[in-house]
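Heads up: the structure comes next, in structure tokens.
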Amino acid sequence: MEARLNPFAGQVMTKVFKHLVAANQVIMESTLPHATQELVKLRASQINGCGYCVDMHFKDAVHAGEDATRLNLVAAWREATVFTDAERAALELAEQGTRLADGAGGVTDEAWANAAKHYDEEQLGALVSLITVINAFNRGNVITRQPAGGYQPGQHG
């Protein structure tokens, strides 16, 4: 597959993606656990069919020491026994926040309350921001058909 457009070739998309990268950096520096961040990015990317981001977040997580079995089970997290209750709450929030058009009313109060049991206000803000940013990246990459498979860990900073 060949990309329709290089997101870093034109002025407008380059500026927008640089802002998304900067926003992601703020989230990475937050107290939201890094493992949770990678699980959420991977799950949202799977739902959105963004091969580039699935490839990137799997490889970055493995490179950071995450267990490949856990990453392999992200798509089936409800049935898997390898995730903490906090990670499950984050994955549920990520799924509902990614599938907004699929559910009447968006994110349920139950999913929000469950996440709030495990994360403080700053972490919740980071989690919401993370779900927002990864969905933006996914959509840009899917629309422009960014190919998957060639990503090297750490290649984007």
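The values are calculated or read from the model by the stated rules, or taken from the named source; none is laboratory data. Every value quoted in this text rests on a predicted model; they were computed, and no experiment measured them. FYI the Cβ positions are ideal-geometry reconstructions off the backbone, even for glycines, and counts take in every protein chain you see.
Quick notes
- Of all residues in segment 136-149, those being surrounded by fewer than 20 Cβ atoms within 10 Å (Cβ to Cβ) and assigned to a helix (DSSP H, G or I) number 5.
- Considering residues of segment 81-113 that are more than 15 Å from Gln37 (Cα to Cα), surrounded by 11 or more Cβ atoms within 10 Å (Cβ to Cβ) and under 19 Å from the mean Cα position of the chain (by Cα) only, the residue modelled with the lowest pLDDT: Gly106
- Residue that is farthest from the chain's Cα centre (by Cα) [pool: residues in segment 123-140 that are closer than 13 Å to Glu29 by Cβ and of a type in the set (A, V, I, L, M, F, W, C)]: Ala126
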